[in-house]
1. In cubic angstrom, how much convex hull volume per residue do the alpha carbon atoms of the stretch 133-186 span?
2. In square nanometres and to one decimal, what's the mean projected area of the convex hull around the Cα atoms of the stretch 162-288?
3. Quick one: dipole size for the chain, taken about the Cα centre, charges +1 on Lys/Arg Cβ and -1 on Asp/Glu Cβ, in debye to the nearest 20.
4. To test your reading of the geometry: what angle, between 0 and 90 degrees and rounded to tens, separates the Cα axis of helix 94-104 from the longest principal axis of the chain?
5. Specify the angular offset, from 0 to 90 degrees and rounded to the nearest 10, of the alpha carbon long axis of helix 231-240 from the longest principal axis of the alpha carbons in the chain.
6. 5 Å is the cut-off here: which amide hydrogens, built 1.01 Å from N in the peptide plane, fall below it relative to Leu172, excluding neighbours closer than 5 in sequence?
7. Each residue of the stretch 184-199 in order: what ³J(HN,Hα) in whole Hz does its phi give by Karplus 6.51 cos²θ - 1.76 cosθ + 1.60, θ = phi - 60°, with x for Gly and Pro?
8. Would you report the distance distribution of C-alpha pairs in the stretch 1-131 as whole percents per 5 angstrom bin, up to the bin with the largest distance?
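Just so you know, all these numbers are worked out from the coordinates, no wet-lab data involved. Since we're looking at a predicted model, the values are computed, not measured. Counting neighbours? That spans all protein chains shown, and the Cβs are built from the backbone with ideal geometry, glycine included.
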Amino acid sequence: MKALNTLRLAINTVRWNIVGNFADVEHDYDQASTTYDSYYGRYLGSITDQFAEKIPLKGHERILELAAGTGRLTSAVCKRLKPDAHLTAVDLSEGMLAVNKLKNSHTNGPRVDFWHGDALDAISERKAESLDAVLCAWGVCYFNHDTLRTQVERVLRPGGILAIIENRKCTLAEISALFEQLIVSQPRYLRKAIKINLPEDARYLTKKFCQGSLTHLNSWNGSLDIPYESAGEVREYMLKSGASAGFLDAIEPSSRDEFLYAFEQLVAAQKKRVPLTHQFSVLLAQKN
Ligand SMILES: C[S@@+](CC[C@H](N)C(=O)[O-])C[C@H]1O[C@@H](n2cnc3c(N)ncnc32)[C@H](O)[C@@H]1O
């Protein structure tokens, strides 16, 4: 039965890929926008702040921030910028960007603009060598990495900085395995293909982005374990942190509650505590 279900899922996934039937990330982030900071931000926010500290900035830069979301990185970077600096925060989710606007529409800090839409569209509209930095925290998985690299190389001026932090392919591995187990047991749960392009590790980011005019400055891997007391809290974290964005919309809406209930039961039934561990990678690079 398991082999048959796996085959059924594989055939469906090929079909959905061909017809472009992908889960809607924008919808999932709009849903999570009001709780994102209290869940993802509560734990990963300090990692984002440490990443922001490491970005080599002088304070006067013209910056494009991709997938800026609710603005944890926007705020951390703005603290390091002078009033003559300019940051444009781009995001696909209007809900996420609305929270960012509330926090970062300063009157006396650097100029901050907000751009609602696809990040690759936003960067491709920029003139060649017009930016000092392109930043992206926890959003590179939603882009085609080759297209992004080509655009970053084009828009950065010589000496300009690319800074990326992202979850790795192995992030939340044990939780993902339980999600998969449920879907294989009930293929009807899934109605769309999931398109998330997580990097393997820091070495992958370096190889992918530093093969042309970008030079590696620094890169590292890290991890953070999210504490929890009960299986219900794991379910809550996955729903409210945005950690399942790009996946939730792929679940058949009429079965979503059933799926989440079954997921919680599965977590509770494990003999050992299921690790809720984010694995992430960072790359800092500079245009030659
Ligand atoms: C995990 S959140 C990261 C938000 C923020 N950078 C932070 O550090 O908290 C990922 C963000 O990527 C955005 N996103 C997903 N696909 C996108 C796309 N194609 N273009 C722009 N933003 C996108 C989502 O709307 C979401 O706000």
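1. On the way: hull volume 4.6 nm³, N = 54.
Spread over its residues, the Cα hull of the stretch 133-186 gives 85 Å³ apiece.
2. Details: hull surface 34.5 nm².
For the stretch 162-288, averaging the hull's shadow over all directions gives 8.6 nm².
3. On the way: 35 positive and 34 negative charges, 139 e Å.
Result for the chain is approximately 660 debye, rounded to the nearest 20.
4. 40
5. That works out to roughly 40 degrees.
6. Long-range HN contacts for Leu172: Thr277, His278, Gln279.
7. Using θ = phi - 60°, the values come out as 5, 6, 9, x, 5, 4, 9, 10, 9, 7, 9, 10, 10, 10, 6, x Hz.
8. Result, from short to long distances: 2, 10, 16, 17, 17, 12, 8, 7, 5, 3, 2, 1, 0 percent.
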